[in-house]
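Okay, structure first, notes after.
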Amino acid sequence: MTTDTTQAAEASRYARGWDKLREIDGQAGERVVQALADIAPDFARLLIEFPFGDVYTRPQLDLKSREIATVAALTAMGHALPQLKVHVHGALNVGCTREEVVEVIMQMAVYAGFPAALNGLFAAKEVFAERDREAAGAD
């Protein structure tokens with residue numbers, strides 16, 4: 001590839017990633033990227049390009065399925081609560097119900113243990129409460 005072609009492909013990848021990030025995570029995802037701007041702007045770019053520009057845009061799974069898998073993985077990790085909260089928001093944004101999110105997290109007790117599931121449930125509870133407060137303020 002020529003340099004111009006490579007730059008155009010990278011720009012397209014970045015643009016796809018931004019679009020997908022906004023679709024899934026909205027302002028929460030944008031805040032994560034902004035928070036990295038002063039310490040690791042290259043990492044922020046990679047965060048947009050790879051997971052959101054390359055992986056989330058693949059047609060084999062819909063966004064709801066991808067977010068269910070992400071919530072499950074982050075719950076099972078047990079030490080990624082800020083990212084889990086962002087992706088609980090994302091799951092709700094792409095059509096998951098609160099009940100589905102809770103059920104996915106509960107399922108992780110079987111594979112990751114009760115502590116991981118408890119942490120995940122409390123993270124989801126915080127997200128639900130935040131969304132309820134925002135909805136009440138919009139009325």
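The values are calculated or read from the model by the stated rules, or taken from the named source; none is laboratory data. Everything quoted here is computed from the prediction, not taken from an experiment. Don't worry about glycine lacking a Cβ; one is built from the backbone with ideal geometry, like all the others, and counts go over all protein chains shown. SASA here: full protein model, heavy atoms, side chains in, ligands and nucleic acids out. Shrake-Rupley method; radii C 1.70, N 1.55, O 1.52, S 1.80 Å.
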Using only the alpha-carbon atoms of region 64-105, report the extent along each of the three principal axes, biggest first, to the nearest angstrom.
25, 17, 15
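Using alpha-carbon pairs under 8 Å, 6+ residues apart, how would you state the relative contact order of the chain in percent? Don't skip to the end; give the middle numbers.
On the way: 141 pairs, mean separation 30.7, N = 139.
Once normalised by length, the contact order is 22 percent.
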Which FRET efficiency value, to the nearest 0.05, is calculated for Arg133 and Phe50 with the Förster distance at 35 angstrom and r the Cβ-Cβ distance?
0.60
Expressed in nanometres to one decimal, the distance between label points 7 Å along Cα→Cβ at Thr3 and Asp38 is 3.3
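Report the extension gain between Ala69 and Arg31 in nm, rounded to one decimal, defined as 0.36 nm multiplied by the number of residues separating them, less their alpha carbon distance.
11.4 nm
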Ranking Leu21, Leu61 from most to least accessible area with a 1.4 Å probe gives Leu61, Leu21
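State the percentage of accessible surface on the chain attributable to carbon and sulfur atoms; use a 1.4 Å probe and exclude ligands, DNA and RNA.
Carbon-and-sulfur percentage of accessible area, whole number: 59.
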What ³J(HN,Hα) values, in whole Hz, does the Karplus curve 6.51 cos²θ - 1.76 cosθ + 1.60 give for region 37-50 when θ = phi - 60°, with x put for Gly and Pro?
4, 8, 10, 8, x, 5, 5, 4, 4, 4, 4, 6, 5, 6
Please list, or write none, the lysines whose alpha carbon is within less than 20 Å of the alpha carbon of Lys125, excluding same-chain residues fewer than 8 places away.
Lys64, Lys85
Using a 1.4 Å probe, what is the accessible area per residue for the chain, in Å²?
60
Quick one: Karplus J couplings for region 12-23, per residue in order, coefficients 6.51, -1.76, 1.60, θ = phi - 60°, nearest Hz, x for Gly and Pro?
5, 4, 5, 4, 4, x, 4, 4, 5, 4, 5, 5
